[in-house]
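Okay, so here's the structure we're looking at.
Read-outs throughout are calculated quantities, based only on the coordinates presented, and are distinct from any laboratory measurement. Predicted model only: the values in this text are computed from it and were never measured. Positions of Cβ are generated from backbone atoms using ideal geometry, with glycine treated the same way; all protein chains shown enter the neighbour counts.
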Amino acid sequence: MLDRMIVAAALCRRLVARLGTFMGYAAGWGFILCAAFITFDVLARRFLGFSSQSTTELTGYALAFGISWALAHTLTSRAHVRIDVLINFLPAKIRYPMHLLSLAALAVFVGFVAKGAWDLVDESLLFGATDISVLRTPLWIPQGLWTFGILVFLVLILLMLAESTLLVLAGRGSEAEALLHQRTYDEEAAEALEAVGALDTLPGAAIDKGATT
Amino acid sequence: MIAIVFLLVLVGLMVAMSFLGIGPGNLLIGEVLLLVGLFLLFFGAGIYIGAALGVLGLIIGFAFSDRPFWTFIGQTVWNPSSSFVLVAVPLFLLMGEILLRAGLSDRLYKALNVWLDRLPGGLLHTNIAASGVFSAISGSSVATAATMGSVALPFFKGTRYDPKMVLGSLAAGGALGNLIPPGITFIIYGLITETSVGALYLAAVGPSILVVILFILVILWKAKTAAPLADPDTPRLPLSVKLRSLVDLAPTAILILIVLGTIYGGLATATESAALGVIGAIVFAAIEGRLSFKMLNDSAEATARNTALIGLILFGAYVLNYVFVGLGVPQALAKLVGEMPLPPWAVMLLIIGFYLALGTFMEGFSMVITTIPVIFPVVVALGYDPVWFGVIVTMLVEIALISPPDGTVLYVLQGMRRDGGPITDVFSGVIPFFLVYILGVLILMWFPQLALWLPKVAQ
């Protein structure tokens, strides 16, 4: 019974995580577009004598979009910052519930943020609020995109919480830990090295890479 | 360990003061202690920092505030999310990620070495210079240390350099990253405290030079034992070789010029410069033949991840701060500290000690976002300059990265060694740099003009 529930929870979590990862990449490309747009605007202002006059607003929206759409992906990559110096010294029996507690706290907080974001969109729609740039962007559009990212994040947290709780109950806490523990220095270093293309010369640096997928 | 002892001493000091009846806020001290306790409990339990801050804000709000504060959460979190100032952070991160993959670091190191190899200490200077230059265009100190380490360590294979100093100088170089403009810590500090990022970048110039000079002095002092003596008979490298090496330096130099030149020249805001830097980095990557969809895609992913990581903590901090401000906590704390029977510089020393302690187990951005909203009003109330304090905080964050036994950068370097030495090598190697860095902070305390004259002149 428990095992079947774990499989179901894991399946749902994977689906949402997949969506989150896709959204994370979209967020990243949003920043690249953002850089191109600002550069164009700066150069056009300097040399062509015109400007979109709404860089400030539009890039602000790109940031909001970028932050919120990448939240879920960051959770799946175990990159949200936790201080695990202390709990790493604790025995597994205490450590596993701590992981659940930290995820539960995240769920509570993000729940409130999601509610707040939802209300904000609601209000913007109600009053037909726009920004003060020349474009008069209706605020519900960027705020809606932003809220969507936060909602996906919240759903992912809840699914991970369900899955990890079931795993701990089933005595498979180590699997839950693999989902939740903070990235290690080795992983950070390995990522940087891979980026530089130095991994082939330093094979030992790839420790831990992929151990959690 | 040092961290915990120091924090306990700080708490003890506050308790003692409340017993002696110093300061009017006896009631407040109980609450502050409760808060600090909750804070430590949350952090110790390994709760996500953003969530810890946010939940703390919710608890305090529901407990003490009689206003329906939660109705403002949406707006409170939306404001920093869509801030034009903050856009600079992902853009600088993106630029760093692209450069990391553009293959500039290797050339940078070799080119600098051509110029520095005759100084006593040789390659050790190159370590500092190359890391310093690279970190000026890369956002993350960990990435800088990993990059420069991977490029530099092979050069030392089979040489008579002392491995301690080699690792120490690489770590120290990495710790210049956020201090040398354009650093990301400054942008976040500027956002939270509403200080001009341009002024912070100008103020950082003097202290950056100071720290680099201190590092060079350390190497010169250690050169006799740590580095093989330069053989006076080896022919000097002909000028033509030296000049040719400048070509390898050019991409990096041009990028720095684009980014810093436009900021300092008043032509662009930090955000606009960052955008120009990203496009510049893409162009250079294309020239190197390293530009590809996969490379951009990887850079985009890393940027999004690191931005979301900062974003979540900002969400929590802004919620907590909103509740705090509604309750008048920062003002009360500022008043309390102001009425302490201690001179301002002593309080400042306590704050510096607090940051050093915190930095041993907390990552830099988290530390700044978490503490600045509360500590900043105190600092201003003590009569210190906001811009000056921004530089001090950034230096402290950097010191934290290389402070044994917990500094992140130290473990990254240790992880890349292939000679199998103990981590204590890294610790003892970095200690002289660590100490002069702290000396730099103290010098800046004595001579705030070191940071402040440039922004003043520029006005």
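Residue farthest toward the positive end of the dipole of segment A:1-81, with Cβ of Lys/Arg at +1 and Asp/Glu at -1: which of A:Leu2, A:Ala72, A:Met23?
It is A:Leu2, whose Cα lies furthest towards the positive end.
Could you tell me the number of lysine pairs in chain B with C-alpha atoms less than 30 Å from each other, where the two lysines are 8 or more residues apart or belong to different chains?
15
So how do B:Phe354, B:Phe62 line up by other beta-carbon neighbours within 10 Å, fewest first? Write out the running numbers ahead of the final one.
Values: B:Phe354 17, B:Phe62 11.
So the residues, fewest neighbours to most, are B:Phe62, B:Phe354.
Find the relative contact order for chain B and round it to a whole percent, using C-alpha pairs within less than 8 Å whose residues are 6+ positions apart.
For chain B, the relative contact order is 27 percent.
If I histogram all Cα-Cα distances within segment A:21-86 using bins 10 Å wide from 0, what percent of pairs lands in each bin?
21, 35, 24, 14, 5, 1
Can you tell me the FRET efficiency between A:Asn88 and A:Val134 if r is taken as the Cβ-Cβ distance and R0 is 56 Å, rounded to the nearest 0.05?
On the way: r = 53 Å, r/R0 = 0.95.
It comes out at approximately 0.55.
For A:His181, A:His80, what ranking results if the residue with the fewest other Cβ atoms within 10 Å of its Cβ goes first? Don't jump to the answer; show the numbers that get you there.
Values: A:His181 17, A:His80 24.
Least crowded to most crowded, the residues run A:His181, A:His80.
How large is the dipole of the protein assembly as shown about the Cα centre if only Lys and Arg carry +1 and Asp and Glu carry -1, each at its Cβ, rounded to the nearest 20 debye?
I would put it at about 740 debye.
What dipole magnitude, in Debye to the nearest 20, does chain B give about its Cα centre under +1 on Lys/Arg Cβ and -1 on Asp/Glu Cβ? Could you put the intermediate results ahead of the total?
Values: 20 positive and 21 negative charges, 181 e Å.
In total the dipole reaches around 860 debye.
Charges only on Cβ, +1 for Lys and Arg, -1 for Asp and Glu: so what's the dipole of segment B:173-294 about the Cα centre, in debye to the nearest 20?
It works out to roughly 300 debye.
What percent does the relative contact order of segment B:151-254 come to when contacts are Cα pairs within less than 8 Å and at least six residues apart?
Numbers: 35 pairs, mean separation 32.5, N = 104.
That works out to 31 percent.
So what does log10 I(q)/I(0) come out to for the protein assembly as shown at q = 0.08 Å⁻¹, using the Debye formula with one equal point on every Cα and no solvent?
-0.60
Whole Å is fine, so just give me how far the alpha carbon centre of segment B:113-131 lies from that of segment A:106-145.
For segment B:113-131 versus segment A:106-145, the Cα centre distance is 53 Å.
May I ask you to derive the FRET efficiency for B:Arg244 and B:Arg160 from their Cβ-Cβ distance with R0 = 25 Å, giving the value to the nearest 0.05? All intermediate terms of the calculation are to be shown ahead of the outcome.
On the way: r = 28 Å, r/R0 = 1.13.
That pair, B:Arg244 with B:Arg160, gives E of 0.35.
Given the alpha-carbon gyration tensor of chain A, what are the semi-axes of its equivalent ellipsoid in whole angstrom, ordered largest first, with each equal to the square root of 5 times an eigenvalue?
38, 25, 13
Using the Cα centre of the protein assembly as shown as origin and beta-carbon charges of +1 (Lys, Arg) and -1 (Asp, Glu), tell me which of B:Gln331, B:Ile369, B:Leu439 is placed farthest towards the positive end of the dipole.
Of the options given, the answer is B:Leu439.
To the nearest 0.05, how large is the calculated FRET efficiency for A:Glu175 and A:Ser51 if R₀ is 51 Å and r is the Cβ-Cβ distance?
0.40
Suppose each label sits 7 Å from its Cα in the direction of the beta carbon; what would the B:Phe64-B:Ile431 distance come out to in nanometres?
In this crude spin-label approximation the distance works out to 4.2 nm.
With contacts defined as alpha carbon pairs under 8 Å and 6 or more residues apart, what's the relative contact order of segment B:285-427 in percent?
Averaging sequence separation for qualifying contacts and normalising by length gives 23 percent for segment B:285-427.
Can you run phi through the Karplus equation (6.51, -1.76, 1.60; θ = phi - 60°) for segment B:93-106 and list ³J(HN,Hα) in whole Hz, with x for Gly and Pro?
4, 4, 4, x, 5, 5, 5, 4, 8, 8, x, 7, 5, 4
Place +1 on the Cβ of every Lys and Arg and -1 on the Cβ of every Asp and Glu in chain B, take the dipole about the Cα centre, and give the residue among B:Gly173, B:Ala304, B:Trp115 whose Cα lies farthest towards its positive end.
My answer, from the dipole projection, is B:Trp115.
How much length is gained if the chain between B:Thr71 and B:Leu41 is pulled fully straight, taking 0.36 nm per residue apart and subtracting their Cα-Cα distance, in nm to one decimal?
On the way: separation 30, 0.36 × 30 = 10.80 nm, distance 2.75 nm.
My answer for the length gained is 8.1 nm.
Which residue, A:Arg95, A:Arg45, A:Arg183, tops the fluctuation ranking in a GNM of chain A built on C-alpha contacts under 10 Å?
Comparing A:Arg95, A:Arg45, A:Arg183 in a Gaussian network model of chain A, the most mobile one is A:Arg45.
Using alpha-carbon positions, what is the distance between the centroids of segment B:163-185 and segment B:37-83, in Å?
The two parts, judged by their Cα centres, are 33 Å apart.
Averaged over its residues, how many other protein chain Cβ atoms are within 10 Å of peptide B:407-415's Cβ atoms?
4
In whole Å, how far is the Cα centre of segment B:413-430 from that of segment A:43-72?
Distance between centres, Cα-based: 44 Å.
At a 10 Å Cβ-Cβ cut-off, how would you order B:Ile282, B:Ile49, B:Ile443, B:Ile352, fewest neighbours first?
On the way: B:Ile282 23, B:Ile49 26, B:Ile443 15, B:Ile352 19.
In increasing order of surrounding Cβ atoms, one gets B:Ile443, B:Ile352, B:Ile282, B:Ile49.
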